[in-house]
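Peer 1: Pasting a structure below so you can have a look.
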Amino acid sequence: MTREREPAPPEGLARLNAMAARRLEGEPVMRILGEKEFYGLAFLLGPETLIPRPETEMLVRRGLEILEGRSAPKILDLGTGTGCIAISLLVENAAATAVAVDLAPEALATAQANADRHGVDKRLSLRRGSWFEPLKPHERFDLIVSNPPYIATPEIATLSREVREHDPLLALDGGPDGLAPYRTILADAAGWLTPDGAVLCEIGSSQGLAVKTLFFQAGLRDVVVHPDLAELDRVVEGHHI
Ligand SMILES: C[S@@+](CC[C@H](N)C(=O)[O-])C[C@H]1O[C@@H](n2cnc3c(N)ncnc32)[C@H](O)[C@@H]1O
């Protein structure tokens, strides 16, 4: 029953008005509601997390294909945010374990809540630090996956208000040309892979050639740039020698 003839209770009306005021200030609906669906799961958001994007689901889909048939695969997710990539991979592959790293402590708290919510907390180790810094020297991974910040600093001012004012800068800013995180990650990635390990990175649509070159320079083989559904370059894949 819709109860359309009943007046809205004052507390409900006050909540709705507060939400409308936030939306008028340019806050995205998903932030106001506090969660976003990704790979069929609902992820809690926090002020230090990016809102997961549909194109990032490509990393999960391709990651699952790469890991298929491996007995106890180990995953490393660099710049985990809400944890959406690592957690989706763990939900879909019950034999896998993952380490997920982020520099933002509150993002890690949100990722922990999401891991608890989706029942994968025992298979996920969340660590604070910059990229590979929080890893132990002996650790090796079958899959390194990352959706790092990749917007060039001067471009941030041109983004929509929803993104510019409400997504955290740490999740967006890829340095002067947007490629700084890829340079750092790819300089070390090969050394953290198992002998048949792979790297998957999300990229901005104009970064295919530059990031592909960084994959080659990192000594990775079978390097491929995958387009998204809009036919824009979106994911770069490479394998250990
Ligand atoms: C584009 S967001 C991606 C978040 C999430 N993985 C997703 O796909 O929705 C990039 C993430 O990298 C994190 N980050 C930025 N610099 C970092 C660094 N030096 N080391 C680790 N994480 C970093 C940010 O805090 C942010 O959570």
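Peer 1: With respect to Ala98, is the statement that it is without any contact (Cβ under 8 Å) to a residue 40 or more places away in the chain, among the hydrophobic types (A, V, I, L, M, F, W, C), within 14 Å of the ligand (Cβ to nearest atom) and crowded, with 20+ Cβ neighbours inside 10 Å true? Please lay out each step first, then the result.
Peer 2: Details: without any contact (Cβ under 8 Å) to a residue 40 or more places away in the chain: yes; among the hydrophobic types (A, V, I, L, M, F, W, C): yes; within 14 Å of the ligand (Cβ to nearest atom): yes; crowded, with 20+ Cβ neighbours inside 10 Å: yes.
Yes; evaluated as a whole, the condition is true for this residue.
Peer 1: Do we have Leu135 as within 19 Å of the chain's Cα centre (by Cα) and in a loop (DSSP other than H, G, I, E, B) here?
Peer 2: yes
Peer 1: Could you say which residue among Glu48, Glu68, Glu106 is within 26 Å of Leu135 (Cβ to Cβ), within 12 Å of the ligand (Cβ to nearest atom) and surrounded by fewer than 17 Cβ atoms within 10 Å (Cβ to Cβ)? First the steps, then the outcome.
Peer 2: Values: Glu48 fails: surrounded by fewer than 17 Cβ atoms within 10 Å (Cβ to Cβ); Glu68 fails: within 12 Å of the ligand (Cβ to nearest atom).
The conditions single out Glu106.
Peer 1: Also, quick follow-up: I need the full set of residues from region 18-31 which are open to solvent by 60 Å² or more (accessible area, probe 1.4 Å) and either within 16 Å of the ligand (Cβ to nearest atom) or outside any helix (DSSP H, G or I) (or both), in order please.
Peer 2: Glu25, Met30
Peer 1: Counting only residues that are touching a residue at least 12 places away in the same chain (Cβ under 8 Å) and over 20 Å from the mean Cα position of the chain (by Cα), which one in region 191-208 is surrounded by the fewest Cβ atoms within 10 Å (Cβ to Cβ)?
Peer 2: The first filter runs over region 191-208 and keeps only residues touching a residue at least 12 places away in the same chain (Cβ under 8 Å), leaving 192-208.
With the extra rule that they be over 20 Å from the mean Cα position of the chain (by Cα), the set shrinks to 194-196.
On the way: Thr194: 14, Pro195: 8, Asp196: 10.
It comes out as Pro195.
Peer 1: Could I ask something else about it? Restricting the search to region 131-186, which residues are open to solvent by 30 Å² or more (accessible area, probe 1.4 Å), aliphatic (A, V, I, L, M) and within 14 Å of the ligand (Cβ to nearest atom)?
Peer 2: Ile151, Leu159, Val163, Leu169, Leu170, Ala171, Ala180
Peer 1: Quick check, is Thr56 in a loop (DSSP other than H, G, I, E, B), within 16 Å of the ligand (Cβ to nearest atom) and either without any contact (Cβ under 8 Å) to a residue 40 or more places away in the chain or under 16 Å from the mean Cα position of the chain (by Cα) (or both)?
Peer 2: The answer is no for Thr56.
Peer 1: In addition: Cβ-Cβ distance below 6 Å, separation of 6 or more or different chains: which pairs start in region 26-53 with a residue that is free of Cβ contacts under 8 Å to residues at least 24 places away in the same chain and closer than 12 Å to Thr110 by Cα and end on one that is among the acidic types (Asp, Glu) and open to solvent by less than 30 Å² (accessible area, probe 1.4 Å)?
Peer 2: Here the result reads none, with nothing in region 26-53 linked to a residue that is among the acidic types (Asp, Glu) and open to solvent by less than 30 Å² (accessible area, probe 1.4 Å).
Peer 1: Does any residue of region 84-94 turn out to be on the phi < 0 side of the Ramachandran plot, outside any helix (DSSP H, G or I) and out of contact with any Cys (no Cβ under 9 Å at 6 or more places or on another chain)?
Peer 2: Yes, region 84-94 contains a residue that is on the phi < 0 side of the Ramachandran plot, outside any helix (DSSP H, G or I) and out of contact with any Cys (no Cβ under 9 Å at 6 or more places or on another chain).
Peer 1: Among (1) open to solvent by 40 Å² or more (accessible area, probe 1.4 Å); (2) over 25 Å from Gly129 (Cα atoms), where does Gly34 come up short?
Peer 2: Status for Gly34: all satisfied but (1).
The values are calculated or read from the model by the stated rules, or taken from the named source; none is laboratory data. None of these values were measured; they are calculated from a predicted model. Counting neighbours? That spans all protein chains shown, and the Cβs are built from the backbone with ideal geometry, glycine included. Keep in mind that these areas ignore ligands, DNA and RNA; they rest on the heavy atoms of the full protein, side chains included. Shrake-Rupley method; radii C 1.70, N 1.55, O 1.52, S 1.80 Å.
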